[in-house]
Amino acid sequence: MPSEFPNLGDEDFEITSPVDGDYNCIAWAAEEEDRWWWPAPSPFAYWPPGLPRVATLDNFVLAFGTLGFERTSNAVFETGFEKVAIYVDSNGTPTHMARQQERGIWTSKLGQQEDVDHYTLKVLEGGIYGRVAQVLRRAT
Amino acid sequence: MLETLQFVGRQFDLPEDWDEGTEDAPVVELHSGYRIYYSPKSARLSYEETDTERIFSELAKEWREATRLSSSLTDMFLHPAYQRIIGMGPKAVPMILRDLQFTPAHWFWALSAITGEDPVNPEDAGRLKKMTEAWLDWGRERGYI
């Protein structure tokens, strides 16, 4: 397993897709698989229309707000809600997102590599993705 | 006198004053990064990558490896290896396009920065395959690939 994830052990995750560079973790959190989401200038990536093209936590919250997500402090699985988590680096800049699935298992797209299921958010913390700064939820 | 040369699967335009070379003196060094030799003794062509091609390959490999787990296009575009490739200027364009042909990646920022152009339809923003197709068509129209 990559040394970039010091908290991740062999039993903590399961690879669920082949390597695929067509989408990134932000798109995957938004349940899209055919384009990159990132607040880069158009047309280098997709970002919800009307939102600023700056990589800040608030802007990511706004982007997922367009999909109906709202802030929550609770990452535990709740029946009737979908959840996503935003990771940030030491500067507070978003680096990664994960999406909660049924039974509370999280799924992440690792950059341009594979999708993985992971049992906690913590296993991807402490390395290149930094820490979870915000969890969002929407009613299903 | 030959005017074009089919070589490594591509057709090159030769300069008007080209002449037979030797192993010590290449026939022609092509802008695309290959130096071609002709051996009169064996009547055979050979080639090697120029320093430009080698440097590009090394930088591209470094960039791919360093950013393979990143979703941040900001980090990808600002990576030092990517910036060095932009700094290579127009001679990097055919090498980037050839790389795109075989392994689509986010070279679009570099291509736009170097050429000042952007052939991607705004509706295809972020769609790697569509963006790649747009730039490869652009390159074909201009004879880069």
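Give the long-range amide H neighbours of residue B:71: residues separated by 5 or more places, or on another chain, with amide H under 5 Å away, using H modelled in the peptide plane at 1.01 Å from N.
Under 5 Å from the amide H of residue B:71 lie the amide H atoms of A:111, each far enough along the sequence or on another chain.
Could you check how much of the accessible area of the stretch A:10-139 is carbon and sulfur, as a whole percent, using a 1.4 Å probe?
48 percent
Once you charge only the Cβ atoms, +1 for Lys and Arg and -1 for Asp and Glu, what is the size of the charge dipole of the stretch B:51-141 about its Cα centre, to the nearest 20 debye? All intermediate terms of the calculation are to be shown ahead of the outcome.
Details: 11 positive and 14 negative charges, 44 e Å.
With Lys and Arg at +1 and Asp and Glu at -1, about 200 debye.
I'd like to check one number: the per residue accessible area of the stretch A:45-140, probe 1.4 Å, reported in Å² as a whole number. Numbers along the way, then the final one.
Values: 4280 Å² over 96 residues.
Heavy-atom accessible area per residue stands at 45 Å².
Say a site is exposed when it is one of the GluC sites (Glu not before Pro), sits in a DSSP loop, and has at most 11 other Cβ atoms within 10 Å; what is then the longest site-free stretch of chain A? Could the numbers behind the result be given before it?
Numbers: sites that count: A:11, A:31.
With a cap of 11 other Cβ atoms within 10 Å, the longest stretch comes to A:32-140.
For residue A:122 and residue A:103, calculate 0.36 nm times their separation in residues minus their Cα-Cα distance, and state this gained length in nm to one decimal.
Gain on stretching residue A:122 to residue A:103: 5.2 nm.
Can you work out ³J(HN,Hα) from phi for every residue in the stretch B:52-57, in order, using Karplus 6.51 cos²θ - 1.76 cosθ + 1.60 and θ = phi - 60°, giving whole Hz and x for Gly and Pro?
Running phi through 6.51 cos²θ - 1.76 cosθ + 1.60 with θ = phi - 60° gives 4, 5, 5, 5, 4, 4 Hz.
Note down, for the stretch B:51-141, the three equivalent ellipsoid semi-axes (square root of 5 times each alpha carbon gyration tensor eigenvalue), biggest first, whole angstrom.
19, 16, 12
Considering only protein heavy atoms and a probe of 1.4 Å, how much of the accessible area of the stretch B:51-141 is carbon and sulfur, as a whole percent?
The value for the stretch B:51-141 is 51 percent carbon and sulfur by accessible area.
What is the interface area between chains A and B, defined as buried accessible area summed over both chains with a 1.4 Å probe, reported in Å² to the nearest 100?
Result for this pair: about 2100 Å² buried.
Across the residues of B:116-124, average count of Cβ atoms on other protein chains within 10 Å?
Across B:116-124, the average partner-chain Cβ count within 10 Å equals 2.
I'm a student and want to see the number: the projected area of the Cα convex hull of chain A, averaged over all directions, in nm².
8.0 nm²
What does the charge count near residue A:92 come to, summing +1 for each Lys or Arg and -1 for each Asp or Glu among other residues with Cβ under 12 Å from its Cβ?
Charge balance near residue A:92 sits at -1.
If you take the charge dipole of the stretch B:51-141 about its Cα centre, with +1 on Lys and Arg Cβ and -1 on Asp and Glu Cβ, which of B:111, B:135, B:60 is farthest toward its positive end?
Farthest towards the positive end: B:60.
Rounded to the nearest 0.05, what FRET efficiency do residue B:83 and residue A:81 give with R0 = 51 Å and r taken as the Cβ-Cβ distance? Could you check?
The pair residue B:83/residue A:81 has a calculated efficiency of 0.75.
Step through the residues of the stretch B:60-68 one at a time and calculate ³J(HN,Hα) from phi using the Karplus curve (6.51 cos²θ - 1.76 cosθ + 1.60, θ = phi - 60°), rounding each to whole Hz and writing x for Gly and Pro.
Whole-Hz 3J(HN,Hα) from phi for the stretch B:60-68: 5, 5, 4, 5, 4, 5, 5, 10, 5.
Using a loss threshold of 40 Å², tell me which positions in the stretch B:71-104 are less accessible in the complex than in their chain alone. Probe radius 1.4 Å, ligands and nucleic acids ignored.
The answer is B:71, B:73.
Here are some pairs, A:83/B:61; A:83/A:122; A:83/A:109; which of them have Cα atoms lying more than 26 Å apart in this structure?
Pairs exceeding the cut-off: A:83/B:61.
The values are calculated or read from the model by the stated rules, or taken from the named source; none is laboratory data. In this text, all values refer to a predicted model and were calculated from it rather than measured experimentally. Neighbour counts are summed over all protein chains in view; Cβ atoms, including those assigned to glycine, are modelled from backbone coordinates with ideal geometry. Note: areas computed on protein heavy atoms with side chains; ligands, DNA, RNA excluded. Shrake-Rupley method; radii C 1.70, N 1.55, O 1.52, S 1.80 Å.
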